[in-house]
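A.B. asks: Below you will find the structure I want to go over with you.
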C-alpha cells in the first residue's frame, strides 16, 4: 500500500476500517498511468490543483490514510452518521 495508515493492525477487529483503507488506496492510485504518477492527495494538497508538483510528503500520506481509515471505525462511523443527519437539515 502506498497510502498506509498508522493502525492497520485493527483491521481484524474493525473490518470497516480495512474497507475504507482499501477504497482510499484504490482511489489514490492510478494503475492506468494516465495521471502521470499523481494521485488524489497530490491534487488535494497542491498549491495549484491543476498542476501538482510534488508537494505531498510521506507524512501527509500517512495522516490522510489514517484519517480515512478512522472513518471506518465505530467512532468514525458515528461521525459520518452525524454528518448525514446534519445534511438532512439543509
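A.B. asks: Hey, with R₀ at 35 Å, roughly what FRET efficiency would residue 12 and residue 45 work out to, going by the Cβ-Cβ distance, to 0.05?
C.D. replies: It comes out at approximately 0.65.
A.B. asks: Counting only helical runs of four or more DSSP H residues, what would the 222 nm mean residue ellipticity of the chain come to if each run contributes -39,500 (n - 2.57) and the total is spread over all its residues? Display every interim value, and only then the final one.
C.D. replies: Details: 4 runs with 49 residues, N = 90.
Value at 222 nm, helices only, nearest 500: -17000 deg cm²/dmol.
A.B. asks: In Å, what Kirkwood hydrodynamic radius results for the chain from the alpha-carbon pair distances?
C.D. replies: Mean inverse Cα-Cα distance, inverted, gives 14.2 Å.
A.B. asks: How high is the relative contact order of the chain, in percent, counting Cα pairs under 8 Å that sit 6 or more residues apart?
C.D. replies: Computed over the chain, the figure is 35 percent.
A.B. asks: Continuing with this model, one more query. For the pair residue 55 and residue 26, how long in nm is the line joining their label points, each one 7 Å along Cα→Cβ?
C.D. replies: Using points 7 Å along Cα→Cβ, the separation is 2.9 nm.
Throughout, read-outs are computed from the coordinates displayed, never taken from laboratory work. Computed from a predicted model, the values in this text were never measured in an experiment. Ideal geometry is used to build each Cβ from the backbone, glycine not excepted, and the neighbour counts take in all protein chains shown.
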